[in-house]
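Derivation of every value follows stated rules applied to the coordinates shown; laboratory data play no part. All values derive from a computational prediction rather than experimental measurement. In this analysis, Cβ positions are derived from the backbone assuming ideal geometry, glycine residues included, and neighbour counts consider all displayed protein chains.
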Amino acid sequence: MTLPALESLLIKTAGIFCSFPCPGCGNPLPEGERANSFCRECKEKIRFITPPFCPGCGGELDGALAVCSKCMREEKRQWLEAVSLFGMEGMGRILLHRFKFYNTPELARPLARLASEALERARTEFDVIVPVPLHWTRRFMRGFNQSRLMASLISEFTGKPCEGMLARTRMGRIQSRLTREERKKNLIGAFSLKKGANCKKRNILLVDDVMTTGSTLSAASAELLKSGASAVNVFVLARR
Ligand SMILES: [Zn+2]
Ligand SMILES: [Zn+2]
């Protein structure tokens, strides 16, 4: 028996004896359904972003222009293209909140699976995955970095390496409480390439949990490009 055949037999057998709970609602998944996936009802409640996509933010295009109306108001970003999974509303917002503030691997895996599928659909090319870092004091308070967790799981699903190349050099104020102008100022010199990290001529997928104005991702992209990266593309779970 081949290994994939054995694996699918094991999954089927496991499905007979126990069914996995849906990480969204906790209800048992239908028999034979893989662990690490959402039930149909939960999937229907998430407002997934559908094509045509805005290349600026990975959100939906809302007019006839090449970028969405939110991106029209922003300065040119440093990355090539962005992919986002869902809009920050309804079930998506609830899942993102749970993922961000509680260390929930049972939720992180199914999200990472969806992320990898979205990246494949968008044909995003990258050869290394880099999470947006948190300042160590914030990581210490929260207990983990949600972007790092997401990046390492996407690495598992895609087989591409995950390297924490960036460091957050300044604590800064919490971005979500600032105006657009304050956000930009707050980010000057916020990121640096870690000692020994090599991003030269590498095509990088920068991963964060949520994009609001994109200024954090732009600052992180700029640091990678300045350090020699050949290109930066961006993935976020949610577009606000
Ligand atoms: Zn569910
Ligand atoms: Zn956009």
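Over the chain, calculate the relative contact order: mean separation of alpha carbon pairs under 8 Å at least 6 apart, over the residue count, as a percent. Please report the intermediate quantities before stating the final value.
Numbers: 423 pairs, mean separation 48.1, N = 240.
This gives 20 percent for the chain.
Amide H contacts for Val128 (H built 1.01 Å from N in the peptide plane; partners 5 or more residues away or on another chain; cut-off under 5 Å): Asn203, Leu205. Here is how the number arises for the chain: DSSP H runs of 4 or more residues each give -39500 (n - 2.57), the sum is divided by the residue count, and the result at 222 nm is -11500 deg cm²/dmol. Of the residues Glu120, Glu163, Glu60, the one that moves most in a GNM of the chain with alpha-carbon contacts below 10 Å is Glu120. Each Lys or Arg adds one and each Asp or Glu subtracts one; over the other residues with Cβ under 14 Å from the Cβ of Gly24, this totals +4. The phi torsions of the range 67-77, fed into the Karplus equation with coefficients 6.51, -1.76 and 1.60 and a -60° offset, translate into couplings of 10, 6, 5, 5, 6, 4, 7, 9, 6, 4, 7 Hz, rounded to whole numbers, with Gly and Pro shown as x. Whole-Hz Karplus values for the range 205-213 come out as 9, 8, 10, 9, 7, 9, 10, 9, 8 Hz, taken residue by residue from phi with 6.51 cos²θ - 1.76 cosθ + 1.60 and θ = phi - 60°; glycine and proline positions read x. Derived scalar couplings between HN and Hα for the range 186-196 equal 4, 9, 4, x, 6, 10, 9, 6, 5, 4, x Hz in order, rounded to whole Hz, by the Karplus curve 6.51 cos²θ - 1.76 cosθ + 1.60 (θ = phi - 60°), x for Gly and Pro. Of all the options Phe126, Phe140, Phe101, the one that moves most in a Gaussian network model of the chain with Cα springs shorter than 10 angstrom is Phe140. Look at where the Cα atoms of the range 70-101 and of the range 169-240 average out, and the two centres are 14 Å apart.
For the listed residue pairs Lys43/Lys100; Lys45/Lys160; Lys45/Lys184, the alpha carbons are over 28 angstrom apart in Lys45/Lys160; Lys45/Lys184. Less than 5 angstrom separates the built amide H of Asn36 from none of the residues sequence-distant by 5 or more or on a different chain.
Suppose we keep just the DSSP beta bridges with both residues in the chain; what percent of those would be antiparallel, to 5? Spell out each step's value before the answer.
Working: 6 of 24 bridges.
The antiparallel fraction comes to roughly 25 percent.
Near Lys184, once Lys and Arg are set to +1 and Asp and Glu to -1 for all other residues with Cβ below 11 Å from its Cβ, the sum equals -1. Helix 90-101 and the longest principal axis of the C-alpha atoms of the chain enclose an angle of approximately 80°.
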